[in-house]
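The values are calculated or read from the model by the stated rules, or taken from the named source; none is laboratory data. Predicted, not measured: the structure shown is a model, and the values here were computed from it. Cβ atoms come from the backbone with ideal geometry, glycine included; neighbour counts cover every protein chain shown. Side chains are part of the model used for accessible areas, which takes the heavy atoms of the whole protein and leaves out ligands, DNA and RNA. Shrake-Rupley method; radii C 1.70, N 1.55, O 1.52, S 1.80 Å.
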Amino acid sequence: MCGIVGILSTRPVAADLVDALRRLEYRGYDSAGIATVEGGHLERRRAEGKLRNLESRLLSEPLEGNVGIGHTRWATHGKPTERNAHPHMTARVSVVHNGIIENFRELREELTAAGHTFETDTDTESVVHLITDEMDKGRSPVDAVKAALSRLKGAFALAIIFAGEDNLMMAARLGSPLVIGHGDGEMYLGSDAIAIAPFTDTVTYLDEGDYAVLHRDRLEVFDKDGRPAVRTPVKSQANALLIDKGNHRHFMAKEIHEQPEVISHTLAHYVDMAQGVIRMPEMGIDLAKIPRITIAACGTAFYAGLVAKYWIERYARVPVEIDIASELRYREAPLPEGGLAVFVSQSGETADTLATLRYCRENGQHIASVVNVRTSTIARESDVVLPTLAGPEIGVASTKAFTCQLTALACLAIAIGRARGAIDETRERELVRELVEVPRQIANQLLDETQFETLAHLLTKTRDVLFLGRGVSFPLAMEGALKLKEISYLHAEGYAAGELKHGPIALIDENVPVIVVAPRDSLFDKTVSNVQEVAARGGQIMLITDAPSEEAGCPLAAHIAMPLAHEFTNPIVYAIPIQLIAYHTAVLMGTDVDQPRNLAKSVTVE
Ligand code: M6R
């Protein structure tokens with residue numbers, strides 16, 4: 001992860017570097033730093049913690065250089081201290097890096113033996129010394145970087161500046177995203193186009209393995225074999241995505257409240273509203289003939305994929321294999337000939353998901369991705385992209401991206417069902433009608449959050465929380481637990497309601513709240529039996545349901561009353577209460593809701 005930026009200009013760049021880093025803080029916020037070329041020398045300022053600490057440092061110790069690079073860090077190698085903060089540098093070279101250099105130990109040993117002194121615990125510092133070493137042997141900066149790149153193993157996006165060079169910056173990418181921005185006599189680079197959006201809307205995306213030489217007035221790109229490469233600049237839409245919190249206290253609250261609108265946008269992409277039927281983009285594969293579907297994703301996106309498994313198997317009658325992306329490819333799972341592999345990702349840059357996508361491609365799968373960032377690497381490496389129209393999601397806890405992923409996947413399930421004859425036209429129209437109702441049902445839930453605030457007060461007094469759900473509500477139970485733990489730091493686990501008696505029930509006592517996702521669907525009675533097992537052991541039950549509280553058959557610590565929805569669309573509608581429970585609990589606990597500790601929005605390391 002980490003975010004990197006660079007600017008080549010004829011005016012001091014420090015303020016704009018910090019401004020660009022602010023839009024990359026979603027990628028990590030353990031520390032931040034910038035370096036510029038000042039009177040031929042390299043100078044840097046770094047600070048532990050959030051970007052505002054770096055800003056304070058720059059107020060007292062400004063940087064005046066016209067060429068600079070910046071970094072916001074999510075620590076992988078070495079503690080999140082100032083010493084380990086980027087940029088890393090020698091007297092000749094300064095580097096910012098996103099990714100992991102896998103062979104850094106070997107390089108470090110070799111360079112230490114050659115007389116280099118390392119100051120940090122990071123993998124990145126080996127890159128700085130490697131380039132310096134090549135320059136010390138007499139190579140030019142460009143040739144030194146080229147030689148160094150050939151030695152690096154792992155994933156990286158790099159930006160590099162050099163002492164004595166105030167019209168040169170170099171960049172390289174392999175496995176981590178990087179975009180170059182073209183200004184008027186200026187050049188920019190960033191981990192994404194939003195970082196540099198206020199400065200330019202003309203951008204060039206580097207391909208895998210590319211490296212680039214930037215001067216103020218020109219860009220030269222070379223491919224992985226060092227051959228000059230043509231990468232055509234495109235117009236970026238990122239400027240339209242610059243956003244603020246509106247009148248909400250946190251981005252997460254704003255994003256929760258945007259859901260009726262963004263789900264509508266997503267639906268409009270997949271539904272022919274006039275006909276009341278699904279209109280999928282050309283999939284490039286005959287959906288009627290797919291032998292099996294493989295789904296892989298991470299975190300919340302994985303839970304969206306798990307809901308899709310229930311939908312696709314039940315409504316389209318196709319077997320679905322699903323695994324978390326960091327596991328699937330290492331299992332060396334056999335994949336069927338002619339199979340469809342679906343990857344779900346908000347950012348489209350998640351390293352585990354991307355690596356598994358490539359594994360599936362190597363194994364002959366047709367690749368579809370459900371992504372929010374259409375310019376992302378996962379989108380670009382897919383045969384077909386099923387976009388979610390959630391807009392930029394800034395809060396680290398995924399909310400609107402999740403419900404938009406569910407919306408797109410629900411449409412996919414119907415489309416597959418139709419193609420295979422498992423769903424007839426009448427059924428398709430019925431399911432589409434129910435989907436179209438979802439934004440209104442969610443908007444109604446968002447009118448009054450009092451019941452969630454009340455429930456959150458109860459949760460702040462506990463240390464452990466269990467979430468239960470059965471059938472398609474099981475993934476929601478796990479998503480509820482993930483949401484709560486990531487932003488409130490309370491320990492939470494999600495279980496299949498029927499699994500409780502096989503072990504976790506031993507945890508139940510009067511101090512353990514059990515939040516049950518229990519729409520009144522075909523499994524409701526079975527879930528109620530599990531609720532009673534909890535009640536019999538003194539557990540505090542908090543029921544999220546459209547059924548009256550008496551139907552629980554036992555006293556409830558809380559009853560979250562849900563609108564009546566359809567069994568098919570329940571997972572989308574029931575996502576809202578679990579988001580609001582986590583949000584209000586975190587607010588009461590006083591945590592950093594949008595940037596919880598140890599996390600980053602986009603996880604670009606394996
Ligand atoms: O960008 P992605 O959807 O691929 O990200 C996957 C996970 O890292 C992400 O969903 C994570 O679990 C969220 N922080 C959960 O709220």
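Before moving on, here are some points about what is shown:
- Annotation: of all residues in segment 300-318 being in contact with a Leu (Cβ under 8 Å, 6 or more places away or on another chain) and open to solvent by 10 Å² or more (accessible area, probe 1.4 Å), the one that is farthest from ALA397 (Cα to Cα) is TYR315.
- Spans of helices (runs of 4 or more DSSP H) in segment 523-590 with at least 1 residues surrounded by fewer than 21 Cβ atoms within 10 Å (Cβ to Cβ): 524-535, 575-589
- Hits in segment 359-374 (condition: surrounded by fewer than 19 Cβ atoms within 10 Å (Cβ to Cβ) and within 15 Å of the ligand (Cβ to nearest atom)): ARG374
- Failed criterion for ASN167 (all others in (1) touching a residue at least 24 places away in the same chain (Cβ under 8 Å); (2) farther than 30 Å from GLY138 by Cβ hold): (2)
Conditions (1) open to solvent by less than 10 Å² (accessible area, probe 1.4 Å); (2) under 29 Å from GLY338 (Cβ atoms); (3) within 16 Å of the ligand (Cβ to nearest atom), marked per residue:
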site: LEU389; (1), (2), (3): no, no, yes
site: ALA408; (1), (2), (3): yes, yes, yes
site: LEU435; (1), (2), (3): yes, yes, no
site: GLU453; (1), (2), (3): no, no, no
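- Residues satisfying the stated conditions in segment 285-299, i.e. open to solvent by less than 10 Å² (accessible area, probe 1.4 Å), more than 7 Å from the ligand (Cβ to nearest atom) and not hydroxyl-bearing (Ser, Thr, Tyr): ILE290, ILE293, ILE295, ALA296
- Residues of segment 26-68 classified as open to solvent by 70 Å² or more (accessible area, probe 1.4 Å), modelled with pLDDT under 95 and hydroxyl-bearing (Ser, Thr, Tyr), total: 0
- Being among the aliphatic types (A, V, I, L, M), crowded, with 22+ Cβ neighbours inside 10 Å and in contact with a Pro (Cβ under 6 Å, 6 or more places away or on another chain) is true of ILE487.
- As a summary of the residue check, ALA422 satisfies the conditions (1) within 12 Å of the ligand (Cβ to nearest atom); (2) touching a Lys or Arg at 6+ places or on another chain (Cβ under 7 Å) except for the one numbered (1).
- Test: residue in segment 484-501 that is modelled with pLDDT under 95, touching a Cys at 6+ places or on another chain (Cβ under 7 Å) and either of a type in the set (A, V, I, L, M, F, W, C) or more than 26 Å from ARG314 (Cβ to Cβ) (or both): no
- Residue match in segment 416-426 (condition: assigned by TED's automatic domain parsing to the domain that holds ALA274 and under 30 Å from LEU543 (Cβ atoms)): no
- For segment 168-190, the criterion of being polar (S, T, N, Q), closer than 26 Å to LEU354 by Cα and touching a Lys or Arg at 6+ places or on another chain (Cβ under 8 Å) is met by none of the residues.
- Of note, VAL385 satisfies the criterion of being within 15 Å of the ligand (Cβ to nearest atom), modelled with pLDDT of 95 or more and either hydroxyl-bearing (Ser, Thr, Tyr) or open to solvent by 20 Å² or more (accessible area, probe 1.4 Å) (or both).
- Qualifying positions in segment 319-348 - open to solvent by 20 Å² or more (accessible area, probe 1.4 Å) and within 16 Å of the ligand (Cβ to nearest atom): ILE322, ASP323, ILE324, SER326, GLU327, ARG329, GLN346
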